[in-house]
Amino acid sequence: MQGLRAVAVLLVVAYHAGLPVPGGFTGVDVFFAISGFVITGTLLRELTGTRTIGLRGFYARRIRRLLPALALMLTVVAFVGMLASPLSAQRTGAFTGVAASLFAANGYLLQLPTGYFDVAATLNPLLHTWTLAVEEQFYLAFPLVLLLGWRIARRRGEAAQRLAGLALVGAGSIASFALAVRLAGTPFGFYGAPTRAWEFGLGACLALAAPWAARVPPRAAAAVGLAGLAMIAFTGLAVRETSGDPRDVLLAVGGACAVMLASRGPAARVLEARPAVWLGNVSYSWYLWHWPLIVFAGALWPHSSGVLVSAAAVSLAPAWLSYRFVESPIRLGERFRGRSVLRLAAGCVAVPVVASAALLGVNHALQRSSPVRSWEAARALHEDTLRGCNGPAPVNATRAASCSWPAEHPRGSVVLVGDSQAGQLTEPVLRAARFARYDAYVLTLNACPLLAVSLTGAEGDSAACARFAGAALETVTRLRPTVVVMAFRSDHYVHGSVANARTWRLGTEAVLLRFNAAGAHVALVQPIPRLGVAPQGCSALSMLLVSCTGRIARADADRERGLAIAAERAAAGVAANASVLDLDDDLCGATQCAGVRDRTWTYRDIDHLSVAGALLLTGRFERLLESAPS
């Protein structure tokens, strides 16, 4: 059994470390099946010997087995997280720590607006504790279900009692699976114990059916074991991030049951090897420690290649120490028996709760620090959003006043149009318009290209975007501006596709020619470099030192945007009165681009400028408008 635990934890750790195991998260489902099998086997031995289940003893063993190692990890993570945790995740991490201490982390996480696979959720160093909560919630109810089945058939012998238990657990598992299918894609479907119970249930059913399973011929059992390992491996390598549909993980759970069925054969020999058994022994502690260290390493050294894998490997050290000096002595020793278990449980809850409260206090203090206030200021929304100009029907009768900035005695007009890449330029374009005495208009809609084109594998072709494109083209044609400033996250729409790049070029040509026909000079702004790391993922220490620059080499930025920029330059070359505006020299150094300049945050996220960063471009737009024909 320890070897199968080793397989499960390796899948999870490899997935979290970013290795090419896209379905590694299903290792958790393998763990659930193992737990159902092992716990049921333990309870059945007690039922066979005593005809009952000592619930007090059962829960005491669960406390000694799980709480001390968990409490140690939660406490250390709370204190280390004061500097190493992503600042944006400290509050969530603290509340998760409190919930995890009470085995309710899944309940807390399911009410958050982010899902397990969302980037914001993966900044939480205690995200992984939801599985422990699900497991303990299962343990609360399962012994009673098994005891009920045993007593229903108590006068008919052990075989009948096993069948009664099998019927109850099987029916519950089917109901749980059906509920999971029904709620697939919802937070409760992913985090809820009732929607995960079928995974424990399958392992439990296998334990209940053990006398009959033992009759499987050795060769058949060996084949089943190998097939089970193959099923687990296939799931780990082939399944992608799931919406929570249980059918995505059914193969992994079934594979785990197949391996547990085969007590002999090649699969069993592999899993009984000493390294596999050792890793299985420390699997619980490694599961506890690997994720916090991966999150901390990614937050402290966001630009270091291989740092997540290194953190995952290093986490074996505290895992072994925890196993050797905390988990094993308390679980196997004689010190914590009887009422002392209650004191142990109280301490294992109280200490991490206090540590989590201290983390909340530190986070509150950090929020008042100058660097963090500066970062919060950098996240301020741009004027196009604040004025309500960012929408599918720009500059209509209700928005004309708020989305236009008239000049006194204007000598021309400028229209800023595009997606959020245009919206981030609102402040410098408005300042330049005021300096050059231009009327100014802003027409933006996030994640929407102005072009009436269909792009394979990219967003932006929804009905709302189509309405925006039509309204924007009509508005610009009607206004007949002197200058049109266009900006799009074109590399996102092109999506690395040569076919998409050609479509983007043709669509851009059509828009440029239409605006030229309306008498406008068009400045097509290249998409700004996209940083490698978002500041939200940086550690609190990095934020305090303003050292989380989110930098990217200019060569890498050029390569990422190459197809899109080439398409736009080609389109501008066809139009008679159009130019391409490259802002890289204004935002970047000689060899790299960064999100901080002179301790000022120039980016508000991974691919958008802050207001302060955008204002650095004011001079470029002043020169653009000054040189335009009146």
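The values are calculated or read from the model by the stated rules, or taken from the named source; none is laboratory data. Source: prediction; values computed, not measured. Virtual Cβ from ideal backbone geometry, glycine too; neighbours counted across all protein chains shown. Areas reflect the complete protein model, heavy atoms only, side chains present, ligands, DNA and RNA absent. Shrake-Rupley method; radii C 1.70, N 1.55, O 1.52, S 1.80 Å.
Considering every residue within the range 251-258, establish whether at least one is at pLDDT 85 or above and touching a Leu at 6+ places or on another chain (Cβ under 6 Å). Yes: the range 251-258 contains one or more residues that are at pLDDT 85 or above and touching a Leu at 6+ places or on another chain (Cβ under 6 Å).
Screening ARG196 against (1) open to solvent by 30 Å² or more (accessible area, probe 1.4 Å); (2) of a type in the set (D, E, K, R); (3) assigned to a helix (DSSP H, G or I) leaves a single unmet condition, (1).
When residues of the range 395-410 are filtered for being in a loop (DSSP other than H, G, I, E, B), modelled with pLDDT of 70 or more and of a type in the set (A, V, I, L, M, F, W, C), how many remain?
Kept after step one, since they are in a loop (DSSP other than H, G, I, E, B), are these residues of the range 395-410: 395-403, 406-410.
Still in the running and modelled with pLDDT of 70 or more: 402-403, 406-410.
From what's left, of a type in the set (A, V, I, L, M, F, W, C): 403, 407.
Of the residues in the range 395-410, 2 are in a loop (DSSP other than H, G, I, E, B), modelled with pLDDT of 70 or more and of a type in the set (A, V, I, L, M, F, W, C).
The single condition from (1) touching a residue at least 24 places away in the same chain (Cβ under 8 Å); (2) farther than 19 Å from ILE565 by Cα that ARG478 fails is (1). Surrounded by fewer than 20 Cβ atoms within 10 Å (Cβ to Cβ), without any contact (Cβ under 8 Å) to a residue 12 or more places away in the chain and under 23 Å from TYR59 (Cα atoms): is that true of LEU148 in this structure? No; evaluated as a whole, the condition is false for this residue. Scanning the range 181-192 for residues that are within 21 Å of the chain's Cα centre (by Cα) and touching a residue at least 60 places away in the same chain (Cβ under 8 Å) yields LEU183, ALA184, GLY185, PRO187, PHE188, PHE190, TYR191, GLY192.
If the condition is being surrounded by fewer than 20 Cβ atoms within 10 Å (Cβ to Cβ) and closer than 16 Å to PRO125 by Cβ, then the range 56-81 contributes VAL76, PHE79, VAL80. For ALA432, the conditions (1) open to solvent by 10 Å² or more (accessible area, probe 1.4 Å); (2) at pLDDT 95 or above; (3) in contact with a helix residue (DSSP H, G or I) (Cβ under 9 Å, 6 or more places away or on another chain) are fulfilled apart from (1). Taken together, ALA570, ALA628, ALA590 contain a single residue that is within 25 Å of ARG505 (Cβ to Cβ), modelled with pLDDT of 90 or more and among the aliphatic types (A, V, I, L, M), which is ALA570. Selection of the range 559-586 for residues being under 29 Å from the mean Cα position of the chain (by Cα) and without any contact (Cβ under 8 Å) to a residue 60 or more places away in the chain yields ARG559, GLY562. Against the definition (in contact (Cβ under 8 Å) with a residue 12 or more places away in the chain and either assigned to a loop (DSSP other than H, G, I, E, B) or surrounded by fewer than 22 Cβ atoms within 10 Å (Cβ to Cβ) (or both)), how does GLY347 come out, yes or no? Taking the combined requirement at face value, the residue satisfies it.
Annotation: of all residues in the range 481-514 being in contact (Cβ under 8 Å) with a residue 60 or more places away in the chain and more than 41 Å from the chain's Cα centre (by Cα), the one that is most open to solvent (accessible area, probe 1.4 Å) is LEU513.
Being among the aromatic types (Phe, Trp, Tyr) and either closer than 19 Å to TYR15 by Cα or within 23 Å of the chain's Cα centre (by Cα) (or both) is the filter; apply it to the range 245-298 and report the residue that is surrounded by the most Cβ atoms within 10 Å (Cβ to Cβ). Here the answer is TRP289.
For the structure I just gave you, tell me whether GLU327 is among the charged types (D, E, K, R), open to solvent by less than 20 Å² (accessible area, probe 1.4 Å), part of a helix (DSSP H, G or I) and out of contact with any strand residue (DSSP E or B) (no Cβ under 7 Å at 6 or more places or on another chain).
Spelling it out, GLU327 is indeed among the charged types (D, E, K, R), open to solvent by less than 20 Å² (accessible area, probe 1.4 Å), part of a helix (DSSP H, G or I) and out of contact with any strand residue (DSSP E or B) (no Cβ under 7 Å at 6 or more places or on another chain).
Those residues that are of a type outside the set (A, V, I, L, M), buried (at least 17 other Cβ atoms within 10 Å of the Cβ), under 32 Å from the mean Cα position of the chain (by Cα) and not in a loop (DSSP other than H, G, I, E, B), I need them from the range 598-630; list them, please. TRP601, TYR603, GLY613 - these are the residues of the range 598-630 that are of a type outside the set (A, V, I, L, M), buried (at least 17 other Cβ atoms within 10 Å of the Cβ), under 32 Å from the mean Cα position of the chain (by Cα) and not in a loop (DSSP other than H, G, I, E, B).
At pLDDT 95 or above and open to solvent by less than 60 Å² (accessible area, probe 1.4 Å), is that true of LEU132? So LEU132 passes the test. Which residues, counting only those in the range 94-128, are out of contact with any helix residue (DSSP H, G or I) (no Cβ under 7 Å at 6 or more places or on another chain) and assigned to a helix (DSSP H, G or I)? If the condition is that a residue be out of contact with any helix residue (DSSP H, G or I) (no Cβ under 7 Å at 6 or more places or on another chain) and assigned to a helix (DSSP H, G or I), then THR122 is the only one that fits. Residues of the range 353-393 being in a helix (DSSP H, G or I), of a type outside the set (A, V, I, L, M) and open to solvent by less than 50 Å² (accessible area, probe 1.4 Å), which ones? Within the range 353-393, SER356, GLY361, ASN363, PRO371, SER374, TRP375, ASP384 qualify.
Can you find even one residue in the range 124-141 that is of a type in the set (D, E, K, R), touching a residue at least 60 places away in the same chain (Cβ under 8 Å) and under 18 Å from GLY201 (Cβ atoms)? Yes - at least one qualifying residue is present in the range 124-141.
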